[in-house]
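To keep things clear, I will list the structure first and then write my remarks on it.
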Amino acid sequence: MNRCPITFLVLALLAAAAQAADRDTIYQTAPIDALLVGVYDGDYAVGDLKQHGDMGVGTLNALDGELVCVDGRMFQVRVDGKVYPVPDSALTPFAVMTWLDRDIVLKAVSATSLDEFCRIMDRSLPSANLFFAFRADGEFDYVRTRSVSKQQKPYRPLVEVAKEQAVFEFKHVKGTLVGFRCPAFVKGINVPGYHLHFLTEDRQGGGHVLDLRVTGLDVALDPSDSIYLALPRQGDFNSADLSGDRQQELRRVESAPK
Ligand code: ZN
């Protein structure tokens, strides 16, 4: 079928409008509660995630490490602390993506802990009830991260697996922090509050952030007013019991080991 130039123009305009709307959407695969109960089989190709953002966080099939997306490139921080490129064909059971726009830039943020960093961010947000994507590039005084090991079936709940997490420390390191702040009402679907991942500038280290210390770091924020949840269509997700409240488990999984 031959299409006239006007048809192409209309299609291009529609595509541009759709992409503009998509830029302020958080796109995620599976609810976080599915990961908490041990639905670790990937159902979604990492290559397809790239259609929904150029930054993001998540994990990989069988909980094989931490997924970090920076500038549209996918990195896997495995439990050995090394960083591997992720092929488009790799599968993920849980990932959160968006297109990062630097709508708000907080200048020269200094914090002696992740808690303080989050409190400073909280005070700067135009609303606690929107979603925010974060990105910061620069020198970090200190970052503590973790990764988790690839699991074998039968899968144990994440709170059990996280007890065996590997912890990595970086001092006076250049790198990139990416992640999200979700509103309190997102319980069960995503992580209420902050979920941040880190990559060193040389892309040789990183992981899920447990703690950090920064001096004079510029932090870019991107408010998002919509979220798209793609549910797995097969596997353990179909029969998982997701009826309970798992907020306490989530806090234990997300926070630093005591
Ligand atoms: Zn994480």
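The values are calculated or read from the model by the stated rules, or taken from the named source; none is laboratory data. What you see is a predicted model, and the numbers here were worked out from it, not measured in a lab. Here the Cβ positions follow ideal geometry from the backbone for every residue, glycine too, while neighbour counts run over all protein chains shown. These area figures cover heavy atoms from the full protein model, side chains too; ligands, DNA and RNA do not enter into them. Shrake-Rupley method; radii C 1.70, N 1.55, O 1.52, S 1.80 Å.
Within region 203-258, the set of residues being surrounded by fewer than 13 Cβ atoms within 10 Å (Cβ to Cβ), free of Cβ contacts under 8 Å to residues at least 12 places away in the same chain and of a type in the set (D, E, K, R) comprises Lys258 only.
Among the candidates Asp211, Asp222, Asp218, the residue that is outside any loop (DSSP other than H, G, I, E, B), modelled with pLDDT of 95 or more and within 16 Å of the ligand (Cβ to nearest atom) is uniquely Asp211. Looking at region 177-184, is at least one residue within 15 Å of the ligand (Cβ to nearest atom), among the charged types (D, E, K, R) and out of contact with any helix residue (DSSP H, G or I) (no Cβ under 6 Å at 6 or more places or on another chain)? Yes: region 177-184 contains one or more residues that are within 15 Å of the ligand (Cβ to nearest atom), among the charged types (D, E, K, R) and out of contact with any helix residue (DSSP H, G or I) (no Cβ under 6 Å at 6 or more places or on another chain).
Looking across region 177-202 at every residue that is open to solvent by less than 20 Å² (accessible area, probe 1.4 Å) and in a loop (DSSP other than H, G, I, E, B), the one that is nearest to Gln76 (Cα to Cα) is identified as Val191. Asp41 fulfils the conditions (1) part of a helix (DSSP H, G or I); (2) among the acidic types (Asp, Glu); (3) surrounded by 18 or more Cβ atoms within 10 Å (Cβ to Cβ) except for a single criterion, (1). Considered as a group, the residues in region 97-132 that are touching a Ser or Thr at 6+ places or on another chain (Cβ under 8 Å) and assigned to a strand (DSSP E or B) include one that is farthest from Gln234 (Cα to Cα), and that residue is Ser110.
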